[in-house]
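Notes follow the structure.
The values are calculated or read from the model by the stated rules, or taken from the named source; none is laboratory data. These numbers come from a predicted model, not from an experiment. Ideal geometry is used to build each Cβ from the backbone, glycine not excepted, and the neighbour counts take in all protein chains shown. Accessible surface areas use protein heavy atoms only, side chains included; no ligands, DNA or RNA. Shrake-Rupley method; radii C 1.70, N 1.55, O 1.52, S 1.80 Å.
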Number of protein chains: 2
Amino acid sequence: MPTYKAPVEDTMFLLRDVFNIARYDNLPGFADATPDTIEAVLSEGGKFCEEVLAPLNQIGDREGCKRATDGSVATPKGFKEAYKQMADGGWIGLSSDEKYGGQGLPFVIGAAMNEYMSSANMAFAMYPGLTLGACRAIRIHGTEEIRNTYLPKMIGGQWTGTMNLTEPHCGTDLGLIKTKAAKQPDGSYKITGTKIFISAGEHDMAENIVHLVLARIEGAPEGVKGISLFVVPKFLPKDDGVGERNSLICGSIEHKMGIHGNSTCVMNYDGATGWLVGEENRGLPAMFVMMNDARLGVGIQGLAQGEVAYQNAVIYAKDRLQGRSIAGVKNPEKPADPIIVHPDIRRNLMTMKAINEGGRALMIWIALQADLLSRSPDEKTKQIADDYMGILTPILKGVMTDLGFQNAVMAQQVFGGHGYIAEHGMEQFVRDARIAMIYEGANGIQALDLVGRKLPKDGGRAITAFFNEVSGFVKENEADEKMKSFVGPLGESLKHLQGATMWFMQNAMKRPDNAGAGSYDYMHLFGLVAIGYMWAQMAKAALAKKNGNGSAPQIDAKLMTAKFFVERMLPETGAHLKRIQSGADNLMDMPAEAF
Amino acid sequence: MPTYKAPVEDTMFLLRDVFNIARYDNLPGFADATPDTIEAVLSEGGKFCEEVLAPLNQIGDREGCKRATDGSVATPKGFKEAYKQMADGGWIGLSSDEKYGGQGLPFVIGAAMNEYMSSANMAFAMYPGLTLGACRAIRIHGTEEIRNTYLPKMIGGQWTGTMNLTEPHCGTDLGLIKTKAAKQPDGSYKITGTKIFISAGEHDMAENIVHLVLARIEGAPEGVKGISLFVVPKFLPKDDGVGERNSLICGSIEHKMGIHGNSTCVMNYDGATGWLVGEENRGLPAMFVMMNDARLGVGIQGLAQGEVAYQNAVIYAKDRLQGRSIAGVKNPEKPADPIIVHPDIRRNLMTMKAINEGGRALMIWIALQADLLSRSPDEKTKQIADDYMGILTPILKGVMTDLGFQNAVMAQQVFGGHGYIAEHGMEQFVRDARIAMIYEGANGIQALDLVGRKLPKDGGRAITAFFNEVSGFVKENEADEKMKSFVGPLGESLKHLQGATMWFMQNAMKRPDNAGAGSYDYMHLFGLVAIGYMWAQMAKAALAKKNGNGSAPQIDAKLMTAKFFVERMLPETGAHLKRIQSGADNLMDMPAEAF
């Protein structure tokens, strides 16, 4: 059975040494969150993930969710109890508003905990994850009455949340939504329609399920401008509990490649009672709050699956005896050397390690921006944070889910034939990780969002700030003998990214397909530069520690991994640039019927 | 349900126009195999795959194989009947020796048919695939008595074959094999031991199963030099049928990520009767015959899964309406345009198309080398063919299985959320394709075989011949205005490959880990050059056809796909070279305990 150890030490290196979280102690929620407190919280949370959630991961995969003919869904054995334990421990509302029963800690702490939960049991972690996304939409767009009705229950874990966007004929293109909302004299609405792929749509772990549903009010304009957001609970709220059953039902559950422990439902609404969240016909912007949260969460899932897969590959590589080191026998008393002596096994392990630790840094950086955006009193700080979240969210989602899946595949490969057998659990990581590239906007959509919307926004303000920050860091450190080998290649790769950005500016206006044709490569090029920037900062922090306390093995490992990233992963940026510059002809010239 | 159409037209373009198979009509078996005959055979075979095997693919995945307590294994519904139909149609022995009941057609025809079968139903195609590999080992190393006993039955489909290498503690490192063979007075051996991951190890489709088993004769030297090969049938042959049950049993079947229709068995040998194949202690070289066959077959599986996944992604991309073309509405009468209008969808489709058609060309080229090796009367021709097979087999296996899996993942991505749902069948292609990267030597082993064994062999004779052939083609065509854009970049990428080869020569002697550290990138760099060479030849053949008969849409499509490959895939070779040249330090410096 696979194991899991929450990487609390690495998270703390980022929070303490790289991003110096103590400097934000003037912000609400940060004052109490000293590094020592954070470490204590994360250690406790990590233990919960290791001891309670991880052992349920394979069980969840094997048993899956089962729907009865009455539409109820049974979750795998142990899920219900674990959910209660998580709720009772206050883990769901770690970073939620204290006003509604949360613990008010910085978002970045919740994000770190989210990584641990998603590593331990991705299918399980989706239940609280979706709940928190729904909470955020309600808190920002809901009336005070709706907030008071739903938030404390959801944050407390008695109720869970979902998001209902997709319909059989539309996923990406939400303008095609057909679900209808009919206004009632009492101000509520009757919702009618079918939604598919609804994660956590029905289950037995909570007393109520709060669906946020996109629908079209009768007479609303066509397309995305006629879509509204509604809160549609499974049971209508009553007093401090639940009353009547609403007219909605889980029509079936999907048979999926993975995340079997999460019930993915077809939801049928048959005149179900719902209430408007936000303004009429402004449902999409309201839902986007939830989607952005969800996209960060999905990026974290990519990281999380890559991390847990890596950890198990390392254990196997140290344990499995096969062949001899080409550089001389390492294990003469045994019939063979452990496979970690082989350079190609290490290529796999180092790749995973560099992506995981670099991706974790990127995730922590973005989460800190989210905190600055919601908690800083300074408008300029908020604006920069908002800009960065805009360009970095599609990067985390699109790049870290691609790389997380790639990591899971690599980790499985280290196991050889044993990786293909279910009992070792490695193939589950691959199957589970696969969905993260697809849902909450398939990664091709993330790339389009980045290139088509986020880049040109506000005259390119966000990307310009990012370029300035990275090139500033490069300049500041290029004279430092010990930093040169890191920031030199980073500067080269940054030039590739700037070159690609320039190419879009010059070529996408005259032919919009030129942007679409290069968007995916651009997203990955950007991701490499962003993660490379993280590695340069981590190298700097590691060197500072080394100058201080002398050398600890983890510090040397950081520097070696930074070197690996620079030498073996950054070279890819040049190839991305060439592909982008090849333009749209080599994609668009082919007549559709010739495929 | 997914569909499949055998790409007979593309195979024929390769055989007729690119490789001009008619020029070999002086070789045995080729004389009767005129292009028209081949086309008729492949069309008929393709139809069998489309109509009989493909409809059983999802059934095989869902039902899987079931073992009863007596050790017998039931294959999925319909497999038994389909196997009989395949045997009766003579499809198993298409390229087998007429002396033993085969049809004696060129190997290349069997390889093409193997692609179609593996596309239609990979799990099913493994049963005849392994049988043919076993036949080849018996034909080359078995006595005439053993040949006469086994080959006609296996080629006729009454009996099937397996290969038994792996044991619980050893896969790659066969020197560790523990299975024992005790010589009996009558010249037979008693085989005792446990083998795992035995594909097609037990099933209900044939009257007998012929296991080729690696074991150690009592008193044999340690390591790989003490391993012998045995034929160990499930039932002892008797008269023209089967007699007594042998002492071997399927102990359990593995629960795997995919290829559920193929039974992967733990085989327990308890003093089972077997007969030596080849010489004592020379089992590994004898088994290598089978492994090389199997490696080609596995490379074909990668291609095959990528092809069938691609075909279904194309259908979906033309059918699914979502969003509007950024270059202007294409489908005004419908609520949205088909997603094939979007450049990023086309990036996926073009990538798959370029890999499939390029990979198919490579496969056909290698298969023709196999024919030259076994059928040419000319020693020089045979030697070149043998050299090429040596270096190109690990390329086809290692590169085409990586790319085939990547294609399956891309095709699944085109389906969005629907790709993650079992009913559409796309996730099965991903799960099935995944094993091809692992078995018959994990791809890391293919890379080591290429760099450590095949490159230096005979003073680098094979790689030198390959370099000369490709650079000769580049020189011959670079002055041609229409060929320049293809051979120019190919020449650049060839220089990267030559640079990497030179780097190994200069750096691997002083530090062997430098070879291992670059082997995987080298394999893929080589693969890109080899497939790029195929594309340049296909472009040349397409241009020749264009000058002849005027322009057909397929011919233009070939040229567009060649352009795509050159512009979007060849740029990767520079990144591979940089990674190779970064050497072993960035992999080997990390202490094992720091991972």
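Scanning the range B:83-109 for residues that are under 25 Å from B:N356 (Cβ atoms), open to solvent by less than 20 Å² (accessible area, probe 1.4 Å) and in a helix (DSSP H, G or I) returns B:M86, B:V108, B:I109. Among the residues of the range A:19-51, just one is of a type in the set (A, V, I, L, M, F, W, C), closer than 18 Å to A:P7 by Cα and surrounded by fewer than 19 Cβ atoms within 10 Å (Cβ to Cβ), namely A:A40. Please find, within the range A:310-340, the residue that is farthest from B:A442 (Cα to Cα) out of those that are at the interface with chain B (Cβ under 8 Å from one of its Cβ atoms) and among the aliphatic types (A, V, I, L, M). Among those that are at the interface with chain B (Cβ under 8 Å from one of its Cβ atoms) and among the aliphatic types (A, V, I, L, M), it is A:A327. Every residue in the range A:447-487 that is open to solvent by less than 40 Å² (accessible area, probe 1.4 Å), more than 20 Å from A:W503 (Cβ to Cβ) and within 14 Å of chain B (Cβ to nearest Cβ), please. Result: A:F486, single match. In this structure, B:A385 does not qualify as surrounded by fewer than 23 Cβ atoms within 10 Å (Cβ to Cβ) and either at pLDDT below 95 or closer than 30 Å to A:M509 by Cα (or both). The single condition from (1) within 21 Å of A:Y127 (Cβ to Cβ); (2) under 31 Å from the mean Cα position of the chain (by Cα) that A:V242 fails is (2).
For A:Y522, the criteria (1) over 30 Å from the mean Cα position of the chain (by Cα); (2) more than 7 Å from every other protein chain (Cβ to nearest Cβ); (3) not β-branched (V, I, T) hold in every case but one, which is (1). Among the residues of the range A:505-521, is there at least one that is among the hydrophobic types (A, V, I, L, M, F, W, C) and more than 29 Å from A:L587 (Cα to Cα)? So far as the range A:505-521 goes, no, none of its residues is among the hydrophobic types (A, V, I, L, M, F, W, C) and more than 29 Å from A:L587 (Cα to Cα). Restricting the range B:300-347 to residues that are touching a Phe, Trp or Tyr at 6+ places or on another chain (Cβ under 9 Å) and among the polar types (S, T, N, Q), the residue that is nearest to B:F405 (Cα to Cα) is B:Q305. Which members of the range B:329-357 meet the condition of being in a helix (DSSP H, G or I), aliphatic (A, V, I, L, M) and either surrounded by fewer than 20 Cβ atoms within 10 Å (Cβ to Cβ) or touching a Gly at 6+ places or on another chain (Cβ under 9 Å) (or both)? Those that are in a helix (DSSP H, G or I), aliphatic (A, V, I, L, M) and either surrounded by fewer than 20 Cβ atoms within 10 Å (Cβ to Cβ) or touching a Gly at 6+ places or on another chain (Cβ under 9 Å) (or both): B:I339, B:V341, B:I345, B:M352, B:I355. Each residue in the range B:388-410 was checked for being of a type in the set (A, V, I, L, M), surrounded by 24 or more Cβ atoms within 10 Å (Cβ to Cβ) and within 14 Å of another protein chain (Cβ to nearest Cβ), and 3 of them qualify. What do you reckon, is B:A517 farther than 28 Å from B:I21 by Cα, within 10 Å of another protein chain (Cβ to nearest Cβ) and either part of a helix (DSSP H, G or I) or not acidic (D, E) (or both)? When the stated conditions are applied, B:A517 passes them.
Of all the listed residues (A:L494, A:L490), the sole one being crowded, with 21+ Cβ neighbours inside 10 Å and without any contact (Cβ under 8 Å) to a residue 40 or more places away in the chain is A:L494. Taken as a whole, the structure places A:E244 among residues that are assigned to a strand (DSSP E or B) and charged (D, E, K, R). Suppose the filter is at negative phi, of a type in the set (K, R) and part of a helix (DSSP H, G or I); does B:K510 pass it? No, not satisfied. Among the conditions (1) free of Cβ contacts under 8 Å to residues at least 24 places away in the same chain; (2) within 8 Å of chain A (Cβ to nearest Cβ), the only one that B:G574 does not satisfy is (1). When each of A:K563, A:K545 is tested for being modelled with pLDDT of 95 or more and open to solvent by 30 Å² or more (accessible area, probe 1.4 Å), the lone residue that passes is A:K563. So which residues in the range A:411-436 are over 22 Å from A:L296 (Cβ atoms), more than 10 Å from every other protein chain (Cβ to nearest Cβ) and part of a helix (DSSP H, G or I), if there are any at all? Selection gives A:A411, A:H424. Only residues that are within 15 Å of the chain's Cα centre (by Cα), touching a residue at least 60 places away in the same chain (Cβ under 8 Å) and at the interface with chain A (Cβ under 7 Å from one of its Cβ atoms) were counted in the range B:437-446, giving 3. The lone criterion from (1) part of a helix (DSSP H, G or I); (2) free of Cβ contacts under 8 Å to residues at least 40 places away in the same chain; (3) in contact with a helix residue (DSSP H, G or I) (Cβ under 7 Å, 6 or more places away or on another chain) left unmet by A:D371 is number (2). Restricted to helices (runs of 4 or more DSSP H) entirely inside the range B:1-75, those with at least 3 residues that are modelled with pLDDT of 95 or more and touching a Pro at 6+ places or on another chain (Cβ under 7 Å) are B:57-63. Filtering B:A536, B:A592 for residues that are away from chain A (no Cβ under 13 Å) and open to solvent by less than 50 Å² (accessible area, probe 1.4 Å) leaves a single hit, B:A536. Just checking, does the range A:383-405 include any residue being free of Cβ contacts under 8 Å to residues at least 12 places away in the same chain and over 30 Å from A:L321 (Cβ atoms)? Looking through the range A:383-405, at least one residue is free of Cβ contacts under 8 Å to residues at least 12 places away in the same chain and over 30 Å from A:L321 (Cβ atoms). Which residues, counting only those in the range B:241-289, are of a type in the set (D, E) and either within 15 Å of B:I196 (Cβ to Cβ) or open to solvent by less than 20 Å² (accessible area, probe 1.4 Å) (or both)? B:E254 - this is the single residue of the range B:241-289 that is of a type in the set (D, E) and either within 15 Å of B:I196 (Cβ to Cβ) or open to solvent by less than 20 Å² (accessible area, probe 1.4 Å) (or both). Condition first: touching a Phe, Trp or Tyr at 6+ places or on another chain (Cβ under 8 Å) and within 16 Å of B:G416 (Cα to Cα). Now tell me which residues in the range A:153-205 satisfy that. Selection gives A:T166, A:G171, A:K195, A:F197, A:S199. Checking each residue in the range A:140-187 for being touching a strand residue (DSSP E or B) at 6+ places or on another chain (Cβ under 9 Å), in a loop (DSSP other than H, G, I, E, B) and not small (G, A, S) picks out A:T143, A:Q158, A:L165, A:T166, A:P168, A:H169, A:D173, A:I177, A:K178, A:T179, A:Q184.
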